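Notes follow once the structure below has been shown.
The numbers here are math on the coordinates, done by the rules we state, and not lab data. Note that the structure is a prediction, hence the values are computed from the model and not measured. Ideal geometry is used to build each Cβ from the backbone, glycine not excepted, and the neighbour counts take in all protein chains shown.
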Amino acid sequence: MKRVLTFGTFDLFHVGHLKILKRARALGDYLIVGVSTDALNYSKKQRNPIYNQEHRKEIIQELKFVDETFFEESLALKRQYIIDYKADILVMGDDWKGRFDEFKDICEVVYLSRTASISTTEIIEIVRET
Ligand code: CTP
């Protein structure tokens with residue numbers, strides 16, 4: 001039984017989110033998703049996500065290939081989350097390539113390619129301009 005862990009904001013849920021979660025689940029038997037909190041997003045980007053953290057987590061939790069979700073409160077807790085959730089594999093989008101190699105001592109680290117031409121930031125920009 002392989003446990004897979006991944007993280008993200010998943011604001012304005014789109015097909016790139018869907019595809020990476022589906023592919024992450026296919027690497028193992030049980031997919032756990034750390035959904036970043038509004039406060040964590042604010043500290044990174046100085047703005048809150050459009051959808052609040054409860055709604056973002058609820059959407060992710062209801063996907064048929066997601067088994068468990070929790071709130072990611074801090075970037076500094078990644079190692080602890082990997083241990084607490086007994087992850088065998090950490091999956092990240094390749095926009096993070098190499099940046100999580102430090103966890104290879106406790107789990108496998110896999111970077112998956114992103115879906116081309118879509119992102120939450122781009123969706124927000126398109127909506128703003130129209
Ligand atoms: N992701 C993906 N393909 C995309 C967009 C995102 O595979 N086109 C992946 C990211 O690599 C990450 C996960 O989806 O593993 C959650 O990404 P998130 O940052 O929440 O989504 P983005 O659309 O990249 O949001 P933003 O534009 O705000 O960075």
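Relative to the Cα centre, the charge distribution of the chain, modelled as +1 at Lys and Arg Cβ and -1 at Asp and Glu Cβ, gives a dipole magnitude of about 240 debye. Evaluating 6.51 cos²θ - 1.76 cosθ + 1.60 at θ = phi - 60° for every residue in region 65-81, the Karplus couplings come out as 9, 10, 9, 8, 10, 8, 8, 7, 8, 8, 5, 6, 9, 3, 4, 4, 4 Hz, glycine and proline recorded as x.
Amide H to amide H distances under 5 Å link Glu72 with Val35, Ser36, Thr37, where only residues 5 or more positions off or on other chains count and H is placed in the peptide plane.
Here is the P(r) of region 5-53: all C-alpha pair distances, binned every 5 Å from 0, give 5, 21, 26, 21, 15, 9, 3, 0 in whole percents. For the charge dipole of the chain, defined by +1 on Lys and Arg C-beta atoms and -1 on Asp and Glu C-beta atoms about the Cα centroid, which residue among Met1, Ser36, Tyr85 has the Cα displaced farthest towards the positive pole? Farthest towards the positive pole: Met1. Measuring between alpha carbons in the structure, the pairs from Lys19/Lys44; Lys78/Lys104; Lys19/Lys97; Lys57/Lys104; Lys57/Lys78; Lys19/Lys104 lying more than 21 angstrom apart are Lys19/Lys44; Lys57/Lys104; Lys19/Lys104. Each residue of region 106-111 was assigned a 3J(HN,Hα) from its phi angle through the Karplus curve 6.51 cos²θ - 1.76 cosθ + 1.60 (θ = phi - 60°); the sequence is 10, 7, 7, 10, 10, 9 Hz, with glycine and proline shown as x.
At R0 = 25 Å, how high is the FRET efficiency between Asn52 and Ile123 if r is their beta carbon distance? Nearest 0.05 is fine.
On the way: r = 17 Å, r/R0 = 0.68.
After rounding to 0.05, the efficiency reads 0.90.
Is region 1-84 best put as rounded, prolate or oblate by its Cα gyration tensor, with a ≥ b ≥ c the root eigenvalues, rounded for a/c under 1.5, and otherwise prolate when a/b is larger than b/c, oblate when not? It would help to have the intermediate numbers written out before the result.
Values: a/c = 2.15, a/b = 1.32, b/c = 1.63.
Oblate, since a/c reaches 1.5 and b/c is not below a/b.
Counting other beta carbons within 10 Å of each Cβ, put Tyr81, Tyr42 in order, fewest first. Let's see the in-between values first.
Details: Tyr81 18, Tyr42 12.
Going from sparsest to densest Cβ surroundings: Tyr42, Tyr81.
Short-range pairs are left out: with C-alpha atoms under 8 Å and at least six residues apart, the relative contact order of the chain is 30 percent.
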